[in-house]
Amino acid sequence: MEQRPPSDPTEAAEAVAPASEETTFRAQRDAPRFALRERLAGLARQADALPTRPEDLDVAIGSAGGPEPGETELLAALRAAILARLTGYGTPESALGAALEDLPRRTSGEATLDAVRHCAALVAEAFALPAAQADAFAWRAVDAERRRRGERRAAARAARESQAAEERRLKAWESSLVGADAVPALLGCTRHEADRWIRAGIIPVARRVAVRRGARTVQEPEFDPAALESVRAEVQGWREAEQGRRPGHAEEPEPTRRISNAAVARIAGLDRYAGHFATARALDRRVIACLGPTNSGKTYFGLSRLAEAETGLALGPLRLLAHEYREALEARGIPTSLSTGEERIRVAGSRHTAATVEMCPFTNPVDVAVIDEVQMLADPERGAAWTAAIMGVPARQVILLGAPDAAPMIRRIVALCGDPLEEVRLDRMGPLIAAPAPVPLSEIGRGDAVIAFSRREVFALRAELLRRGRTVAVVYGALGPTVRRAEARRFREGEAEVLVATDAIGMGLNIGPLRRVVFSALSKYDGKEDRPLTVQEIKQIGGRAGRFGGAHAEGVVAVLAGGGDPRMIARALRAEPEAPEDLRPPVAPDAEIVAAVAAEMGTVSLFGTLRRIERAVLRRDDPNYRLGDLSTQLAIAAAVDGVRELSLLDRWTYALCPVDERDEGIARLADWAVEHALGGTVAPPRAGRLPPPDRAGQDTLQLAERVHRRLVAWRWMALRFPDTYRDIEGALAESRRLNEWIEAVLATSPTGRARTVAGGADHPPSRHGRPRRGRDGGARMKPAGAAPPRTSPAR
């Protein structure tokens, strides 16, 4: 008999994180320090020209003398802390770039130029520049900032004007459209002829709009008068073709190829997407879908076939997984290259490549291609990458690996390609059971993984487990691949007893055998609202428990006490696969499509081109395809469209860059584009001097994570514009330094003081009021939309 979760609120509270005398004592002890820190933070904001970071406040408080230092003493200590940190950037120029980002902003979003001058003088003092050089340095800083602001404002103004013009043009075009009743007069035909030719697809439809007809909603076609005028001369030919094929001909007349506004959709050809991939269509491809739950041997099946091939390609959703594919093949003696959005490793003589899905090559045939995690077809942001890879990978044998839920969409895609499909179903190799009762936090032990759904919850659980004497490794979305692998290794090799992770562990990542997967709650915030976990999420994440032939052959899936009803897990594990509601594969434009549509429109506006693609290229009721999410590309296009010194396709490349939207990623990308257009160079982001790992607080750790994500975007751009993003060695060195420092922080049990000052908590937080975040609990960092096929740069 299944047990209900505990109704005793004290038990539920204990299961999450109980209060303790130690916690209360620590809070009382540190209260004066908190007050002093808040006071100093207020003084720093009033100072206006001090580029202050949270760790500067901590250092200043620690060095200020006396229990009640005065304002002058506090500001002097803060200034000294900032000077010491600035020297860690190596050069005055690097220090100035970082310091300007830390200056307090006015309501306009910019610091005053006077604050810029004082900030530059502070940097000059940190590097002990002579007086004349310091004055010149400050003057150049203000002049450069004034010039950059002028260019940014001009670009923003041009982007706004372009966006408004394109919106007006789109509205004017839409308002010019006519219904089916107007077609006979415009074409000089009868209504019966018009209806027949519309049904046959001969008359070009501009768009379809939803119209209420009594109790039903129907999709009514609308037509572009200019397009109809251009095909009017073809009407007699259509009539003759109809007469000529009666009574026995089955062939439909070819649709008109005349160009018009409505022909933009035909130029893009997204409704004939499979035909874009000429090399794949020319091959005699065979598709094998190997589907099964977690721990069913899918990856072994795929990599074994790949290892036997003369030439091959392995595609996965993450750079981390691409590295693991490469290492698995290299371990079998197969030289393998690597290709991801921000990294290339070319191995001499290699005939195999491991890559992220967005980097799928579409022109060089191989014997075998393995595409992993194909259930990602249903992902609203990245699903189009899998559509492009499955349809376009030029392999004689294509092996698809994923959850059984993906089967219906795979069948539809393969049918559109005209390829034969073989389905192989695998069963889980060890039992997976639902725990009958919730698990108190006090019972979490060696071999357990606790799953939270935000970075804040991960660190709150980590802090409480450390307080209880456990050693803990953590994995969450904001960590770079190198650090994730290091944390997984710590857990796998027994250095850490417990793993606390977000749902980032759901895909790949060699964690080793898990005794139990314990959800902190059975709901998650998905960026819009708190919602229950889906059946697929419970199966995918919970399925990491247990390992065939390992120490924990039987996997157990549970929930922390107070986190939900364990019967929900049992029902999910028993449930049959659920197909996505919409089985049409998502598709997205590539550089060639963007250029063709822009040329047809006669525009150089990237925003206008993408808006037309979004609104008019693919009918919402298209029977075969649906348009992928273009929201991030449109947001970046709106920001960089005014930088007309960059070509349309250069701006399209910027629109594909992975950005962290919560870290002003789009605004930063626009600034980089302005510098690029001016012929300058863009320096890689740097974090500056970091405190010893055992003294690091949450603010500093988050700063290091943010800078690391900025470096990911910078390195992505450097592979595409090496003349502008030049210092790749410096970027790699900073990435390595940050990875090593973050690893050391996570491997260190923090001191009470460091944890408290940083704002860390011993109590896991409320699940409400959380900021918007990405699907794996990290900051929302998109690869700028769904997959660009063929020539477009990508992850």
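The values are calculated or read from the model by the stated rules, or taken from the named source; none is laboratory data. Note that the coordinates shown come from a computational prediction; the quantities given were computed from them, not determined experimentally. Cβ coordinates were reconstructed from backbone atoms using ideal geometry, including for glycine residues, and neighbour counts include every protein chain displayed. We work out accessible area using only protein heavy atoms, side chains counted, and drop any ligands, DNA or RNA first. Shrake-Rupley method; radii C 1.70, N 1.55, O 1.52, S 1.80 Å.
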Could you state the accessible area per residue of segment 392-439 in Å², with a 1.4 Å probe and every protein chain left in place? 38 Å²
Relative contact order of the chain, defined on C-alpha pairs under 8 angstrom at six or more residues apart (%): 17 percent
Only Lys, Arg (+1) and Asp, Glu (-1) charged, at Cβ; segment 380-430 dipole about Cα centre in debye: 40 debye
The farthest towards the positive end of the charge dipole of the chain, of the residues Thr609, Ser63, Ala111, given +1 on Cβ of Lys and Arg and -1 on Cβ of Asp and Glu, is Thr609
In whole percent, and with a 1.4 Å probe on the protein chains, what portion of the accessible area of the chain is carbon and sulfur? 51 percent
Can you work out the Karplus-derived ³J(HN,Hα) for every residue in segment 529-544? Use 6.51 cos²θ - 1.76 cosθ + 1.60 with θ = phi - 60°, whole Hz, and x for glycine or proline. 7, 6, 9, x, 5, 7, 4, 5, 5, 5, 5, 5, 7, x, x, 6
Long-range amide H partners of Asp660 with built H, under 5 Å: Gly665
At what distance in angstrom do the alpha carbon centres of segment 191-233 and segment 469-491 lie from each other? 57 Å
I'd like the Karplus ³J(HN,Hα) series for segment 158-163: coefficients 6.51, -1.76, 1.60, θ = phi - 60°, whole numbers in Hz, and an x wherever there's a Gly or Pro. 5, 5, 5, 5, 5, 4
Dividing the helical contributions, -39500 (n - 2.57) per DSSP H run of n ≥ 4, by the residues of the chain yields a 222 nm value, nearest 500 deg cm²/dmol, of -14000 deg cm²/dmol
Listed by chain and number, the residues whose amide H is under 5 Å from that of Leu690, excluding neighbours fewer than 5 places away on the same chain and using placed H, are none
Could you order peptides 369-378, 291-300 by the average number of other Cβ atoms within 10 Å of their residues, highest first? 369-378, 291-300
Convex hull volume of segment 592-740 per residue (C-alpha atoms, cubic angstrom): 135 Å³
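Cross-chain or 8 or more residues apart, Cα under 20 Å: how many lysine pairs in the chain fit that? Count them up, please.
Lysine pairs, 8 or more places apart or on different chains, close enough: 4.
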In whole Å, what are the extents of segment 440-502 along the principal axes defined by its C-alpha atoms, from largest to smallest? 30, 25, 15
In whole Hz, what ³J(HN,Hα) sequence does segment 712-719 give by Karplus (6.51, -1.76, 1.60; θ = phi - 60°), x for Gly and Pro? 4, 5, 5, 5, 4, 5, 5, 6
For the chain, the convex hull over Cα atoms projects on average to an area in nm² of 39.4 nm²
Place the peptides 199-207, 275-283, 306-314 in order of packing, highest mean first, counting for every residue the other Cβ atoms within 10 Å and averaging per peptide. 306-314, 199-207, 275-283
For 178-191, 680-693, ranked highest to lowest by mean beta-carbon neighbours within 10 Å, the order is 680-693, 178-191
Using modelled amide H (1.01 Å from N, peptide plane; none on Pro or chain starts), what sits under 5 Å from the amide H of Arg207, excluding residues fewer than 5 places away? Glu222
